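Trainee: Have a look at this one before I ask anything.
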Amino acid sequence: MDSAALHSLTPWLDGVDRWGELLPLLPVLVSLELILSADNAIALAAIARQQRDPLREGRALNLGIAIAFLLRIALILMAGWVLRFQPLQWLAGGYLLWLFFSHLFSRSQVSSSASGELETADSTPFLRTVMALALTDLAFSIDSVAAAVAISDQLLLVICGALIGVIALRLTAGLFVRWLELYPRLETAGYSAVGFVGLKLIVALILPGLVVPEWFTLVTVAALVLWGFSSRSLPLLEEP
C-alpha cells in the first residue's frame with residue numbers, strides 16, 4: 001500500500017514543511033512504511049525469487065528497487081500530470097490485475113502437472129526480473145502520488161519520504177524472499193493484495209465518486225497477509 005495511507009493515518013503530518021519538524025517523525029515514518037509496504041514487498045519478493053539463486057535475487061532486488069526509486073521521483077515531479085492522465089492509471093491498475101491473474105494461471109498449471117513428471121523450471125532472465133520489479137513498484141506508486149505531495153509542499157521532504165519508502169521496501173522484500181519458502185500461502189496472499197490494489201485503481205477510475213475508506217484497504221491487506229502466514233511448510237528431513 002506504500003505511502004498512500006500516510007495522509008489518513010497520520011494527520012499530524014499535514015503542514016510539515018521544515019527538516020526540523022520532520023526529523024523527530026522519521027522513526028514513525030520508517031515504522032509505518034515497513035508495515036504499509038507488506039503487500040508490495042511480497043509481490044516483489046515473489047518476482048525476485050524467479051531468479052532461483054539467492055545472490056541473483058538480492059542483486060535483482062537492489063537494482064530493481066533503485067530504478068523504482070528514480071521512477072518514484074519522476075512521479076512526484078509530474079504528480080499533477082499523472083493525476084490527470086487517466087490512461088497511465090488504467091495501465092497501472094491493469095498491470096497489477098495482470099500480475100494477479102498470471103499468478104493464478106501459473107498456480108493452476110503447477111497443480112495440473114503435479115501428478116505428472118516433475119520438470120525443473122529455468123530461471124527468468126535477470127534484466128526481465130529487474131524491469132518487472134521496477135514496473136510493479138511503479139504501478140503501486142501511482143496510488144500514493146497524491147498522498148505524497150499532500151503531506152508537504154517541500155520537494156526534498158517528499159523525496160526523503162520516497163527514499164524511506166524504498167529502503168523499507170528493500171528490507172521487507174528481503175525478508176519475504178526467505179519467508180516465501182516457509183509459508184506456501186504467502187505468495188498467493190501477496191498476489192491477491194496486488195489484485196486488490198489494481199481493482200481499487202480501476203474502480204476509482206470507473207466510479208470517481210466512490211471513496212474506498214483507507215481502513216477497509218488496511219484491513220483487507222492485513223487479513224490477506226495474516227492468511228499467508230497461517231500455514232507453514234514442514235522442513236525437509238535430510239537423509240542419513
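The values are calculated or read from the model by the stated rules, or taken from the named source; none is laboratory data. This is a predicted model, so every value here is computed, not measured. Cβ sites come from the backbone with ideal geometry, for glycine too, and all protein chains shown count toward neighbours. Just the protein is used for accessible areas: all its heavy atoms, side chains included, with ligands, DNA and RNA removed. Shrake-Rupley method; radii C 1.70, N 1.55, O 1.52, S 1.80 Å.
Trainee: For ARG178 and ALA79, what is the calculated FRET efficiency with R₀ set at 41 Å and r taken between the beta-carbons, to the nearest 0.05?
Mentor: Approximately 0.70, to the nearest 0.05.
Trainee: Cβ under 12 Å from LEU127's Cβ, LEU127 left aside: what net charge do those residues give with Lys, Arg +1 and Asp, Glu -1?
Mentor: Overall, the nearby charge balance is +3.
Trainee: Hey, can you grab everything whose amide H is under 5 Å from the amide H of MET78? Only 5+ residues off in sequence or another chain; H modelled, so Pro and N-termini drop out.
Mentor: Under 5 Å from the amide H of MET78: no residue qualifies.
Trainee: Roll a 1.4 Å probe over the protein chains and send me the accessible area per residue for segment 152-212 in Å².
Mentor: The answer is 45 Å² per residue.
Trainee: Which chymotrypsin sites (Phe, Trp or Tyr not before Pro) does segment 52-114 hold that lie in a coil by DSSP with at most 16 other beta carbons within 10 Å?
Mentor: PHE85
Trainee: Which distance in nm do the two modelled labels at LEU171 and SER233 give, with both placed 7 Å along the Cα-to-Cβ direction?
Mentor: In this crude spin-label approximation the distance works out to 2.7 nm.
Trainee: Still on this structure, I have one more. Label LEU55 and LEU210 with points 7 Å out from Cα along Cα→Cβ: what is the distance between them in nm?
Mentor: Here the answer is 5.0 nm between the modelled labels.
Trainee: Which distance in nm do the two modelled labels at LEU71 and LEU199 give, with both placed 7 Å along the Cα-to-Cβ direction?
Mentor: Here the answer is 2.3 nm between the modelled labels.
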